[in-house]
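A.B. asks: Have a look at this one before I ask anything.
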Amino acid sequence: MSKQKSNRLPDKPEVVTVTIHDLNNLGCGVGRMPEGTPDAGIVIFIKGAVTGDTVKSQIIKRTKSFCVGKLLEIVTPSPMRMEEEFCSAPEACGGCVYRHLKYEDELISKHSRVTQAFRQAGLSDVVIRPVLTVKHGGEHVTTGYRNKGMFPVRQSKNGMEAGFYAAKTHKVIPCFDCALQPDFFGELVREVCRLCDKYRVTAYDEETGKGTLRHIYLRCAADGSTLLTLVINDERLPKPAAEGLVHELVGRFPSLCGILLNINRESTNVVLGDRFETLWGKDYIEDTLCGKKLRLSAGSFYQVNHNAAELLYNTAADMAELTGDEHLLDLYCGAGSIGLSMADRVADVTGIEIIPEAVECAKVNARLNGLGPDRARFFCGDASDAHKFLAAAEENGAPAPDLVVIDPPRKGTTRELISEIAARGIERVVYISCDPETLARDCKVFRECGYEIGEVQPVDLFARTGHIENAVCITRRTS
């Protein structure tokens, strides 16, 4: 009888030397356990190693199919490795998973991920274009691009601290500065923490359920105007604290346009509760995207990289080959940014979105851009339940669509929605996706329903992270 391998780690730390041959989207170098070890040939994942490195690693986890190692030493650095430090934040924050990799090689890795996703879905014939990026002065823009920051807080012996959750945990890694965010985000968050200590506003503790402040949430427009939301585990802040915070923050940060409270008293991983209250100023920011004015509430979806979003949406419009006669249906429309960005190039836009607050923002945005109900209309509902809501939209005067834009959440869309689009004989679908795997899965369903899959265009909205956005035009077969 053969002996089964034990998953228990040996008492003495096991250190191996590994050559890294790949890098996954979590920022882990991928290698093989070396010959002469009990797990020879098994895949090993090592955080902080990059393709081409030779490293020494301590085994910290072993399963039947893979091992996980802790990086101890870089024996031979890869030519792909960044020579200078990209960000001063602790690596444990888990944000910039490609912080050790040169950006040109990061783009190659992301292109490979998209290609692999389509290959695994049985769509290896689909062409994946080179990744598009935002450039300034001929250089790639990889820092300071995020217009949104979400900072969990904790109480320490030195007072309130803010930062980011360590990967796959709810342990707060103290960090005020992030290379991906504007510098003033860190200054503002520091000041909020200082003022909370001054006015005796305590940090929320998940284990005890006690404490007041849960998160500091920032959203800014391209002109720097900023909306600050304090997510609290209470119905309100004490009056002296609320008045003191407003007075001191507004005096020091003229870019602030509004300070809000978000009430979240649930024991949940969801950051925002359903209710917002305004402490001072506006309860929205205004931005301009693709030439369109947008009013955005704190709870509305908005792409975190303004300039890359313009690149993505203009690319999607070009893919659709718009003639000006299209009746555009914008599904998962959020505050209407995609549909409105194309409004001047189509006959009319109909949007469907499940979040009521975002629908109201979309209606306001249409009016801000001079689009009446004959040109732009928005409905609240689940875009995945397309039959129900398309029928309702048409009953309220919306024309039958001949072009659909979908930008679903990471989980992708549904087979039912794709079937409804096919049953209606809609000629073109522009699919924007933040997840290559679910995009490839859904494209396979579209092909099964009689559609041709066009070339896929990756656009890097999330430089230095493991995420990559994609756009593709899907066209109904003529025969």
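A.B. asks: Of Ser109, Asn24, His387, which is farthest on the positive side of the dipole of the chain, counting Cα position, with +1 on Lys and Arg Cβ, -1 on Asp and Glu Cβ, and the Cα centre as origin?
C.D. replies: Asn24
A.B. asks: Distance from a point 7 Å along Cα→Cβ of Ala222 to each backbone N in region 275-301: keep the residues under 15 Å and list them by number.
C.D. replies: Taking a point 7 Å out along Cα→Cβ of Ala222, the residues of region 275-301 whose backbone N falls under 15 Å are 286-296.
A.B. asks: Output the peptides 466-472, 229-235 sorted from most to least packed, where packing is the average of other Cβ atoms within 10 Å over each peptide's residues.
C.D. replies: 466-472, 229-235
A.B. asks: Once Lys and Arg get +1 and Asp and Glu get -1 on their Cβ, which of His136, Leu123, Ser88 lies farthest toward the positive end of the dipole of region 1-142?
C.D. replies: It is Leu123, whose Cα lies furthest towards the positive end.
A.B. asks: Rounded to the nearest 20 Debye, what is the dipole magnitude of the chain about its Cα centre when Lys and Arg each give +1 and Asp and Glu each give -1 at the C-beta?
C.D. replies: It works out to roughly 1600 debye.
A.B. asks: Nearest 20 debye, what's the magnitude of the dipole of region 177-278 about its Cα centre given +1 on Lys and Arg Cβ and -1 on Asp and Glu Cβ?
C.D. replies: In debye, rounded to 20, region 177-278 gives about 240.
A.B. asks: Under a point-charge model restricted to the Cβ atoms of Lys and Arg (+1) and Asp and Glu (-1), what is the dipole moment magnitude of region 298-390 relative to its Cα centre, in debye to the nearest 20?
C.D. replies: 240
A.B. asks: How would you order 398-409, 314-325, 265-276 from highest to lowest mean count of nearby Cβ atoms within 10 Å?
C.D. replies: Order by mean packing, descending: 398-409, 314-325, 265-276.
A.B. asks: Mind giving me the FRET efficiency for Ala40 and Gln116? R0 is 25 Å, r the Cβ-Cβ distance, nearest 0.05 is fine.
C.D. replies: Efficiency computed from Cβ-Cβ geometry: 0.50.
A.B. asks: Still on this structure: Let me know the Kirkwood hydrodynamic radius for the chain, please, with Cα pairs as the basis and the value in Å to one decimal.
C.D. replies: Hydrodynamic radius (Kirkwood, Cα only) of the chain equals 24.6 Å.
A.B. asks: Length gain on complete extension for the stretch Ala92 to Thr76, per 0.36 nm per residue less the alpha carbon to alpha carbon distance?
C.D. replies: Length difference between fully extended and current span is 3.4 nm.
A.B. asks: Right, here's the next one. What full-extension length gain, to one decimal in nm, is calculated for Thr17 and Arg345 as 0.36 nm per residue of separation minus the Cα-Cα distance?
C.D. replies: That pair, Thr17 and Arg345, stretches by 112.3 nm at full extension.
A.B. asks: I would also like to ask the following. From the residues Asn262, Leu227, Ala241, which one has its Cα farthest along the dipole of region 184-272 in the positive direction, the dipole being from +1 and -1 charges on Cβ of Lys/Arg and Asp/Glu about the Cα centre?
C.D. replies: Most positive-ward Cα: Ala241.
A.B. asks: Which order, highest average first, do 85-94, 449-458, 428-437, 70-79 follow once you tally other Cβ atoms within 10 Å for each residue and take the mean per peptide?
C.D. replies: The most tightly packed comes first, giving 428-437, 449-458, 85-94, 70-79.
A.B. asks: Sticking with this structure for a sec: At Phe253 and Asp318, where each label point lies 7 Å from the Cα along Cα→Cβ, what is the point-to-point distance in nanometres?
C.D. replies: It is 3.7 nm.
A.B. asks: With a probe of 1.4 Å, find how much accessible area the chain has per residue, and write the answer as a whole number in Å².
C.D. replies: 46
A.B. asks: When the accessible area of the chain is split by element with a 1.4 Å probe, what percent falls to carbon and sulfur?
C.D. replies: 50
A.B. asks: If you don't mind, another one. Taking the Cα centre of each part, how many Å lie between region 357-408 and region 57-113?
C.D. replies: Measuring centre to centre over Cα atoms gives 43 Å.
A.B. asks: So how far apart, in nm, are the two label points at His140 and Ala167 if each is 7 Å from Cα heading toward Cβ?
C.D. replies: 1.9
A.B. asks: When the helices in the chain are scored as -39500 (n - 2.57) per DSSP H run of 4 or longer and the sum is shared across all residues, what 222 nm value do you end up with, to the nearest 500 deg cm²/dmol?
C.D. replies: Taking each H run of at least 4 residues, the total per residue is -7500 deg cm²/dmol.
The values are calculated or read from the model by the stated rules, or taken from the named source; none is laboratory data. Since the model is a prediction, treat every value here as computed from it, not as a measurement. As a convention, Cβ positions derive from the backbone with ideal geometry for all residues, glycine included, and neighbour counts pool all protein chains shown. Heads up: the accessible areas ignore ligands, DNA and RNA and are worked out on the full protein's heavy atoms, side chains in. Shrake-Rupley method; radii C 1.70, N 1.55, O 1.52, S 1.80 Å.
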